[in-house]
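Each reported figure results from applying straightforward, stated rules to the coordinates on display, with no laboratory input. Since the structure is predicted, the reported quantities are computational estimates derived from the model, not experimental observations. FYI the Cβ positions are ideal-geometry reconstructions off the backbone, even for glycines, and counts take in every protein chain you see.
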Amino acid sequence: MTSLPWLDPDQLWFPDPEEALEDPDGLLALGGDLCPERLVLAYRNGIFPWFSDEQPILWWSPDPRCVLFPREVHVSRSLRRTLNRRPFRVTSDEDFSGVIERCANTRSEGTWITQDMKAAYNRLHRLGIAHSFEAWNDAGQLVGGLYGIALGRCFFGESMFSLETNASRVLMIHIARQLEEWGYALMDCQVESHHLLTMGARSIPRREFLSILESKVDAAPAHTSWRMQWRWPGAGTDSGTN
């Protein structure tokens, strides 16, 4: 494509993700709004919003796409020892607003989680579409969290924060194992990072990612309540890799 389409807030549509720019990678469209219907349509088609306060809404679908297949989450020896100590209580949907607020406020390089983004995803949470996972320390303080969108058997991770050593790694193991139990096909990580790669995430072609969405985004997950049920089984009983 030679120019980016501007989305009219009164029209609910997106261009084909395969038309996204190569530079910057994945930029697909501008404008529109953050209403629930548009956000759901975006995620269903492998598209997500990412912009700062001084920009219009920017919509992205990068190629390749970083994903974590829940069964492939990597548990190192050192992380297994940490998990055996059970340093955090891991929950889901106990403090969605607290998680998104901390995701916005704990980034030293600034945030793309604007006030409008917070309002939009809190609205999705009230609709039962957006969900959070939390890590609590022994003092009952929220020290780690991740929020994202659940559609069918696909979970789209949006942002994560960590305030204590290993909080994010312990949280990722619990999230992956719980999603696996619930029958989720993948967790979308959007863009790869060293942290994600060490946890077992990998990048796949956008076309493959979209194909998975097409087959899984309408499939019913194997759970009815969004409550953390999986618990680390303890020393000597985990099947994680070394």
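Diagonalise the Cα gyration tensor of region 1-127 and give the resulting equivalent ellipsoid semi-axes, square root of 5 times each eigenvalue, largest first, whole Å.
The equivalent ellipsoid of region 1-127 has semi-axes of 31, 20, 14 Å.
Mind listing the phi-derived Karplus ³J(HN,Hα) values for region 123-128, rounded to whole Hz, using 6.51, -1.76 and 1.60 with θ = phi - 60°, and x for any glycine or proline?
5, 5, 5, 5, 7, x
Can you compute the charge dipole magnitude of region 1-151 about its Cα centre, using +1 on each Lys and Arg Cβ and -1 on each Asp and Glu Cβ, nothing else charged? Give it in debye, rounded to the nearest 20.
Dipole size: approximately 1260 debye.
Among W226, V40, V90, which residue has its Cα positioned farthest towards the positive end of the charge dipole of the chain, with +1 placed on the Cβ of Lys and Arg, -1 on the Cβ of Asp and Glu, and the dipole taken about the Cα centre?
Checked the options; the winner is V90.
Compute the distance in nm between two label points, each set 7 Å from the Cα along the Cα-to-Cβ direction, one at R207 and one at R71.
Inter-label distance under the simple model: 2.5 nm.
With only alpha-carbon pairs counted, each pair once and no self-pairs, how large is the Kirkwood hydrodynamic radius of the chain in angstroms?
18.4 Å is the Kirkwood radius here.
Non-local amide H neighbours of W60 (under 5 Å, H modeled in plane, Pro and chain starts lacking H): which ones?
Correct list: L28, F48, W50.
Which Rg and Dmax, in Å, describe the Cα atoms of region 80-193?
When restricted to the Cα atoms of region 80-193, Rg and Dmax are 13.7, 41 Å.
Report the label-to-label distance for S225 and E181 in nanometres (one decimal), using points 7 Å from each Cα along the Cα→Cβ vector.
So the two model labels end up 1.2 nm from each other.
Over the chain, what is the relative contact order in whole percent, taking alpha-carbon pairs under 8 Å and six or more residues apart?
24
Using the Karplus equation 6.51 cos²θ - 1.76 cosθ + 1.60 (θ = phi - 60°), what ³J(HN,Hα) coupling, rounded to whole Hz, does each residue of region 146-152 give in order, writing x for Gly and Pro?
Per-residue couplings from phi come out as 8, 10, x, 10, 10, 9, x Hz.
What number comes out for the charge environment of L34, summing +1 per Lys or Arg and -1 per Asp or Glu over other residues with Cβ under 13 Å away?
Counting the neighbours of L34, the net charge comes to -1.
Say a site is exposed when it is one of the GluC sites (Glu not before Pro), sits in a DSSP loop, and has at most 14 other Cβ atoms within 10 Å; what is then the longest site-free stretch of the chain?
That gives 165-242 as the longest site-free run.
Per residue of the chain, what 222 nm ellipticity follows from adding -39500 (n - 2.57) for every DSSP H run with n ≥ 4, rounded to the nearest 500?
Result for the chain, helices only: -8500 deg cm²/dmol.
Can you tell me how region 6-62 classifies by the Cα gyration tensor, rounded, prolate or oblate, using a/c under 1.5 as the rounded cut?
Oblate, since a/c reaches 1.5 and b/c is not below a/b.
Mind listing the lone cysteines of the chain, meaning no other Cys beta-carbon sits under 4.7 Å from theirs?
Taking the Cβ cut-off of 4.7 Å, the unpaired cysteines of the chain are C35, C103, C154.
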